[in-house]
1. Please indicate, with yes or no, whether at least one residue in the range 385-406 is touching a helix residue (DSSP H, G or I) at 6+ places or on another chain (Cβ under 9 Å), buried (at least 17 other Cβ atoms within 10 Å of the Cβ), outside any loop (DSSP other than H, G, I, E, B) and in contact (Cβ under 8 Å) with a residue 12 or more places away in the chain.
2. Restricting attention to the range 262-299, report how many residues are crowded, with 16+ Cβ neighbours inside 10 Å, assigned to a loop (DSSP other than H, G, I, E, B), touching a residue at least 40 places away in the same chain (Cβ under 8 Å) and out of contact with any helix residue (DSSP H, G or I) (no Cβ under 6 Å at 6 or more places or on another chain).
3. When you scan the range 21-32, do you find a residue that is at pLDDT 85 or above and exposed (fewer than 13 other Cβ atoms within 10 Å of the Cβ), even just one?
4. Got a sec? Which strands (runs of 3 or more DSSP E) wholly within the range 313-377 have at least 3 residues that are in contact (Cβ under 8 Å) with a residue 12 or more places away in the chain?
5. What number of residues in the range 215-256 are within 30 Å of residue 197 (Cβ to Cβ) and either in a strand (DSSP E or B) or without any contact (Cβ under 8 Å) to a residue 40 or more places away in the chain (or both)?
6. Determine which single condition residue 336 fails, assuming it passes every other condition in (1) more than 17 Å from residue 400 (Cα to Cα); (2) surrounded by 14 or more Cβ atoms within 10 Å (Cβ to Cβ).
7. Given 509, 447, which one is over 30 Å from residue 197 (Cα atoms) and either modelled with pLDDT of 90 or more or part of a strand (DSSP E or B) (or both)?
8. Is it the case that the range 126-147 has a residue that's out of contact with any strand residue (DSSP E or B) (no Cβ under 6 Å at 6 or more places or on another chain), modelled with pLDDT of 90 or more and either farther than 29 Å from residue 442 by Cα or buried (at least 16 other Cβ atoms within 10 Å of the Cβ) (or both)?
């Protein structure tokens, strides 16, 4: 178990690089940018797997060793626990007074009747009971010995917890092998099909056949977003509800179906689920080049940066002539200008405004891949206005602004909403959920259940004996009208309630105080 704990700590330490350096599975464009900015260091980090931490051989080796260690802990402990479950409780020691908790009482019952009363009380408390007429060591004539044990669920819960952890690990591994996920931004009115080319990024396990994806199609008809509008409340502008209406086709030949989509109500296609994760605005922008041709016209998603949906985005126009054009932009749903610059007062569309900065030059220098939300201006020149200052375009829906030098024009047509969808297939998720629930139940049992052993020796009492805790007193003549009960108990681990449990057990017997 110590080895397993050490390996678990090692897994946590080994996962730290994944939060320091960008990961290819999450953001491949950031990895490319890092390698460009740090060519020497990046090359060595790439060799060490720092950009693929969670799938690297060294991380997988630690993970596998942890699994093997857990199996090595569980198997022998399961064998020992099975032996404890099938074996009777251990025989009582000769000197119960040496146990951590012990008590002595006299009761006005013969030994056999007292033993029967205690056995009944113990079994009601779910003790496994073993009785004998003699224990180890010297015993008095007529002595009855009881051994009882409870709390087997503690070790059962402990084993269940570790087995459930193995099930969860196996489910995660199985899901990694056969599962996949893809993310897609869809503007209202647009549709996408379930194909790898439609997603950015698309992550699939090594056993996934991209050609076997279920051929469904989802069209985003509308997206409604409701925000808190009470200006005097602390939650002003907070999102209250995201809800989309979609049209779906299960197969290319299937009839269309209208289905709602919400944050907690994903679309289901067999084992594949479509989740609504995010939303934002997509201004429709038209760019005409210097020859008057439409070089760009489409809804352009802008990414929100704060809770008032102050959003940023880029427009890339490599088809513009005579030179390629690029724009970085700021979209404000409820625009205002203060000393800090352009800002938004509310996340809903109340006073939309688009602010663009224009560049010309090579949009894709070196033909290297870029994020659709970033513009590489290393080979571009910022356009200037007539005064020689950096050109800034401010547009409202319907506005058109001409670019200087006959380079064309920019038109802000309208604003649509976009939805950020995540499509996932993970057949191992129910198994992982069942394992997690079992682990919680096992952990609760291992923490709450007490493992206890109770031993009782009952012998005929002597005449003239005192009562209570004093035990047998005097050398008077023996009789069989009463019994002397000696109880000893011990627990596995700390058990502050053990003494109370012994007192409650003895409380089932009436103490003889007649002298």
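The values are calculated or read from the model by the stated rules, or taken from the named source; none is laboratory data. What you are looking at is a predicted structure, and each value in this text was computed from that prediction instead of being measured. In this analysis, Cβ positions are derived from the backbone assuming ideal geometry, glycine residues included, and neighbour counts consider all displayed protein chains.
1. no
2. Adding up the residues that qualify gives 1.
3. no
4. So the answer is 325-332, 341-344, 353-361.
5. 25
6. Going through (1) more than 17 Å from residue 400 (Cα to Cα); (2) surrounded by 14 or more Cβ atoms within 10 Å (Cβ to Cβ) one by one, residue 336 breaks only (2).
7. Details: 509 fails: either modelled with pLDDT of 90 or more or part of a strand (DSSP E or B) (or both).
From the options 509, 447, the qualifying one is 447.
8. no
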